[in-house]
Each structure stands twice: as structure tokens, then as C-alpha cells.
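Q: Okay, here's the structure, questions in a sec.
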Amino acid sequence: MVTTICDIQCYSFLFFVSLITTFLIRSILSKPTKVTTNSHLLPSLPALPIIGHLHLLGPSLYKSLRKLSTKYGPLLYLRFGASHCLLVSSASVASEIFKSQDLAFASRPRFAFSDKLPYGTSGFVTAPYGDYWRFMKKLCVTELFGTKQLERSLFVRREEKERLLKRMLESAGKKEDVDVGVEVMKFTNTVTCRIAMSTSCLEQEGDAEKIRDLVIESFKLAAKMCFGDVLGPFKKLGFWVFGKQALDLTRRYDELLERVLKDHEVRRCKNEGEREDKKDLMHILLDVFHDENADVKITRTHIKAFFADLFIAGTGTSAESMQWAIALLINHPSVFNKVREEIESIVGNTRLVEESDIPNLPYLQAVVKETLRLYPPGPVTTRECRQNCKINGYDIPEKTAVAINLYAIMRDPDSWDDPNEFRPERFLVSLNEQEKLDQCQVEGKGQTFNFVPFGAGRRGCPGTALAFSMIHTAVAALVQCFDLKVSGEEYGTKVDMQPGPGMSLSMARRLIVRPIVRFNPFTASI
């Protein structure tokens with residue numbers, strides 16, 4: 001794996017080769033900048049000529065940024081080559097971005113050469129705040145992630161949960177090891193496909209594995225591409241290095257999505273006049289695409305880019321969170337047993353745990369929240385300032401890129417006791433209070449913003465409720481049905497909790513376990 005630090009060094013080398021003659025004198029004459037305390041100018045820290053603070057970044061971006069904020073403060077202005085960034089690392093400052101001035105920070109910065117990629121400027125996640133983004137966000141909320149839609153798709157999640165368990169039971173029967181990442185990715189991917197497109201990516205041999213590989217590769221490539229801006233006017237060099245890989249990745253997404261899109265177009269023609277409540281999201285988007293009088297004009301590329309975003313944001317992140325939760329439970333047997341005892345006290349030993357049981361399982365909820373606090377699926381989220389404004393009295397110019405380090409915020413010792421320790425009990429509250437907190441998390445209201453695993457505000461993840469639902473039900477079912485033992489002599493009895501390098505927070509090593517059946521819900525007497 002090519003790590004982020006290697007990518008940074010590659011960019012730095014190219015940058016120096018291009019500009020070494022011009023900047024040699026500047027390098028000699030320039031003095032390091034001092035930390036500024038001016039009430040209007042953003043605080044910064046000493047930087048090197050040309051590369052700025054690039055040398056301060058390590059293999060894990062979120063850890064490097066946390067180290068800087070711990071030393072220099074929760075609001076910093078950083079320069080990485082030709083790129084500038086405002087770093088936010090505290091809940092109080094994040095509340096300005098997520099709540100007080102949410103509209104001013106409702107856009108996201110673009111990748112350095114996104115305009116050269118087929119989906120680069122058409123996606124939903126990175127789209128600038130405007131008519132198109134608002135239209136897609138409304139569709140997400142009303143047609144995909146709304147309360148009624150989640151209730152309507154409950155049977156889908158139940159069926160896929162049972163398929164996950166049957167695959168695990170088959171492996172247990174054969175005494176085979178299981179790659180938890182592969183299995184939970186199949187679960188999240190298929191749930192997302194069926195809810196959004198009324199189809200399963202398992203319909204053709206190897207499709208689930210293709211999607212998983214594409215999602216993993218997307219995270220790795222994003223970590224490389226995001227540093228293209230450090231080259232400034234020479235950012236085309238970055239495209240020469242990674243452009244071919246990015247184009248190939250998009251082509252593979254396009255082949256799969258075009259096939260599904262054509263299938264929907266055939267079905268749409270056959271079922272003209274179909275009831276609105278029977279249409280899936282892809283069908284609705286095709287209706288808009290063919291409507292010449294639609295308020296917002298979208299293209300086939302918009303549709304495919306949206307679903308590519310959905311795969312990446314909706315399947316990879318939830319699957320990673322499930323892996324972290326299982327790993328933490330394996331490494332903390334007392335917590336594992338407490339979760340199981342709670343499930344048995346509510347569910348009994350004659351049926352499988354269901355989503356309807358989750359509100360009555362506060363300790364399970366606490367485990368999931370503590371997992372997301374320690375290992376947020378997106379440790380750093382980005383925004384871009386749409387207009388000149390002030391944060392904590394400092395002037396923020398228009399177009400300023402902002403990086404909010406959720407990893408640092410949720411491990412801030414000012415907000416959490418023993419912030420690096422796995423202690424689910426910190427989230428235990430009464431059921432009534434829990435319902436209020438859950439609603440605040442979904443709506444982004446009344447929050448202190450010290451627990452924001454999926455971001456917040458307008459650009460917060462619209463699929464938060466679905467993510468929580470899938471994580472809860474999958475973890476609960478696996479704990480109820482299996483004892484999970486770490487496989488391989490080289491692993492020992494504990495899971496290696498080392499995160500991988502880059503921008504995302506994935507596990508450095510695959511989570512391989514040997515499932516031992518404790519409860520088989522498909523043979524239990526009812």
C-alpha cells in the first residue's frame with residue numbers, strides 16, 4: 001500500500017524540482033512565520049518556505065492534525081504547499097461551522113483536478129451548495145433515508161441480516177475462518193443497493209466483491225488526490241501521477257452503474273404510470289432526467305455519480321464501523337458478555353434480535369456510540385466558506401477550505417474523561433433521554449457537537465439513521481449467535497487495533513475470526 005506520507009513526499013519532490021531555481025533565494029532569505037495572536041488574523045504556526053506545514057503531516061492525516069491542534073490550539077490556519085486550510089479541532093469551534101454559520105460553510109472544496117474526471121464535478125457529496133445539491137439532499141431525506149422509507153425497507157434489512165448470519169453459520173459449520181470486513185461489506189452494500197435501486201449487487205457473480213474493491217480503492221485514491229492542490233499551478237503533475245488510476249476507477253464504476261441504469265430504463269418503460277410509492281430512488285431520478293420541465297436539470301452522469309457516492313459513503317463507512325465494534329468487543333470480553341446478556345434478557349433464546357428491540361438495548365447502543373466516538377467513519381470532514389465571515393472573532397475569507405477533525409473533537413480531554421479508553425458506560429442514560437439524544441443526533445439540533453461521528457449541519461450525513469440501524473442490528477445479531485475467536489497464531493488472542501494510513505479510519509489488518517455457533521435462530525424452537 002502506498003501511504004499518504006509517501007504521496008506527500010512525491011508531491012513535494014515534484015514541486016521542488018519545478019521551482020527549485022526560483023525559490024532558492026526565497027528559501028535562504030525567508031524567516032519562519034510566528035504564531036500570530038492578532039484578533040483579526042487567524043492563528044498559525046512556523047512554516048517552511050514553499051511546502052509550508054506539509055512536513056508536519058504523517059501517515060495518518062487525522063492523527064497529525066490532532067497533534068498540531070493539541071500543541072497550538074483548536075483553530076489553526078495551515079498551508080500545505082500552494083493549498084491553504086483552516087483546521088478546527090474543538091466542539092465549541094465546530095458548533096460555529098455546523099450550527100451558527102452553517103449556511104456560510106455549506107459547500108465543500110473540490111479536488112485539485114476533479115474537472116478532468118467523468119464524475120468529478122457531478123457528485124452529490126462534493127457538489128457546491130446550490131439548486132442541484134438541495135434537490136438531491138431533499139430526495140435523500142424524503143425518498144431514501146426518511147422515517148417512512150426506513151420503515152418500508154425494514155424487510156430488506158431483515159433479509160440481508162439473515163443472509164449474513166447464514167453465511168457465517170455455513171463457515172462455522174465448516175470450521176472456516178471468516179473475513180468480517182468482506183461479510184459486513186456484503187451486508188451494507190446489498191442493503192443500500194436494494195433500498196436505492198430495488199436490486200442486489202449480488203445478482204451477477206462477483207458484483208459484491210467488485211463494489212467492495214471499488215470502495216476500498218476509492219478511499220485510497222482520495223487520500224492521494226486530495227494533495228494535488230499543494231502543487232498550485234503545477235497541479236497537473238498530480239494528474240499525470242494519479243489521473244490514469246482515477247479514470248480507470250471511474251470507468252469500472254460506470255460499467256456497473258450503466259448496466260443497472262439501462263435495466264431501470266427498460267423496467268420504467270414497461271411500468272409507465274407505476275404508483276409513486278413503488279418507485280425506487282433510481283426510478284425517481286430517471287423521471288426527473290426525462291422531464292423537460294423539471295426545476296433541476298440532471299444528466300445520466302449526475303445519476304451515476306450520485307450512486308457512486310452512495311456506494312462509497314453508504315457501504316464502506318458503515319462496514320468499517322461494524323468491524324471496529326466487533327474488534328472492540330472481542331478485545332473486551334466483559335463488554336461482549338454484557339451485550340449478550342442484555343440481548344438475552346430482552347429477546348430470550350428462541351428468536352433472533354430485531355430492529356424493534358434496539359430501543360430496549362441501551363448498553364448495545366452505548367457500545368455502538370463509543371465505537372463511533374473512538375473510530376469515526378470519516379475522521380476529518382471538510383467544508384468551504386461561501387462568503388467572508390468571522391469565527392471566534394477571526395476573519396475567514398471567502399473560498400477558505402476548512403477541515404474539521406472529528407477524531408480530535410471526540411477524543412478531546414476537555415469533553416471526555418479518559419478519552420482514549422473504550423468505556424461504553426459513558427453513554428448510558430435513561431431510555432427517555434436516549435430517545436431525545438438520538439433525535440438530536442439525526443436532526444442536528446440541540447447538540448454540544450462533542451459527538452459528531454457523521455458530521456452535522458446541512459452537509460452532515462443524511463443517512464445517519466440508516467447507518468445506526470444497520471450497525472446496531474448487525475452487531476447485535478453477531479453477538480447473539482456467535483462466539484468470535486481471533487484466527488491465526490500470529491494474531492494472538494487480541495485483535496490488532498492499529499488503524500491503516502491515509503485519510504479514512506480503516507483497520508490496518510483484516511479482521512479474521514473463527515465463528516463458533518452459540519445460537520442458531522433458524523433451528524430454534526418457536
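Derivation of every value follows stated rules applied to the coordinates shown; laboratory data play no part. The structure presented is a predicted model; accordingly, all values stated were derived computationally and were not measured. Cβ atoms come from the backbone with ideal geometry, glycine included; neighbour counts cover every protein chain shown.
Q: Step through the table entries 138/220; 138/210; 161/304; 186/369; 220/390, compare each Cα-Cα distance with 32 Å, and write down the pairs that go over it.
A: 220/390
Q: Something else: Starting from 0.36 nm per residue, how many nanometres of slack lie between residue 134 and residue 217 once their C-alpha separation is accounted for?
A: Contour length minus Cα-Cα distance gives 27.0 nm.
Q: Could I ask something else about it? If packing is taken as the average count of other Cβ atoms within 10 Å, what order do 340-347, 502-509 fall into, highest mean first?
A: Ranking, from highest mean packing down: 502-509, 340-347.
Q: Using a basic spin-label model with each label point 7 Å from the Cα along Cα→Cβ, how many nm lie between residue 517 and residue 166?
A: 1.4
Q: By average Cβ neighbour count within 10 Å, what is the ranking of 188-194, 450-456 from highest down?
A: Top of the packing list down: 188-194, 450-456.
Q: How would you rank 404-412, 307-315, highest first, on the average number of other Cβ atoms within 10 Å across their residues?
A: 404-412, 307-315
Q: Something else about it: Using a simple spin-label model with points 7 Å from Cα along the Cα→Cβ vector, what separation in nm is obtained for residue 351 and residue 175?
A: 3.6
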